[in-house]
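The values are calculated or read from the model by the stated rules, or taken from the named source; none is laboratory data. Computed from a prediction, not measured in an experiment: that's the story for all the values here. Heads up: the accessible areas ignore ligands, DNA and RNA and are worked out on the full protein's heavy atoms, side chains in. Shrake-Rupley method; radii C 1.70, N 1.55, O 1.52, S 1.80 Å.
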Amino acid sequence: MLVLVVIGSVLVVTALIGFCGVFRKQSLFLSGFLAAMIITLLAQFAAVVILFTSNGACHYYIHDGMKYSMLFYGKAGINQKYTDAMDYIHKKVDCCGQYGWEEFLSTNASNWYSNNLDVNSYFAQSLPDTCCKEYKEGCGKNLFSTYHDPKNPPATIRTDACWEKTNDLLQFWLLLAGFMALVFMFIQVVAVFLNVVLQKRYKEHEDYHLQTHKVATVKEAKDKMAVKQNTYSTAV
């Protein structure tokens, strides 16, 4: 959030400098605007490079995070965060388990598997309630027997794998962010080009007025000198 506020503030200040330069027709303001735009462009370019080079790291951390969330799912205390994280993904991404709902019926989710195998109900197995399409407490209790058929899961549960759907979402948002960054960079390059053109014109305009002022000053000085000489000649 702080990064977005800083970037927004820099862009606002940059736009104000450029507006003042155009409104007052002064190349000094346009030079400041040009410098700020170049710095912003370099920062955005670095951000795009970091965004695409860190793609693999993002996948790695998400994959490992889901793996540990599955292992410690259902544990309380300091490990409650893993359960909360996986439940959040189940609901938001509409999925169940890292690689599918079957993982909760295997040792991949070792804590959940060992604590939810009901020996009194013919070894019935349960899914987390957040794997149900319509969440309610106890909706995942004893859904499967030991001889469940993974090809025919109940219609009431989410069947998509969380890792696959999360990976697809990550790819989509990374590509969208990169594309939008490139579009803004192109707009800024156009703004820099227009700035250079305006700065050149305004500089020529300032030089012309400065030269005209110098010529007028020299002419005025010569006129005053001529008047003094005429006055002196008349007096003599």
Please tell me which of these pairs span more than 18 angstrom C-alpha to C-alpha: LYS92/LYS133; LYS81/LYS165; LYS67/LYS133; LYS92/LYS136; LYS91/LYS136?
LYS81/LYS165; LYS67/LYS133
Accessible area, probe 1.4 Å, largest first, for residues MET66, MET185:
MET185, MET66
Suppose accessible area is computed on protein heavy atoms with a 1.4 Å probe; arrange THR14, THR159, THR107 from highest to lowest.
THR107, THR159, THR14
Amide H contacts under 5 Å for ASP160, placed H, 5+ residues apart
CYS96
Give the accessible area for ASP94 in Å² (nearest 10); use a 1.4 Å probe, count only protein heavy atoms, and leave out ligands, DNA and RNA.
70 Å²
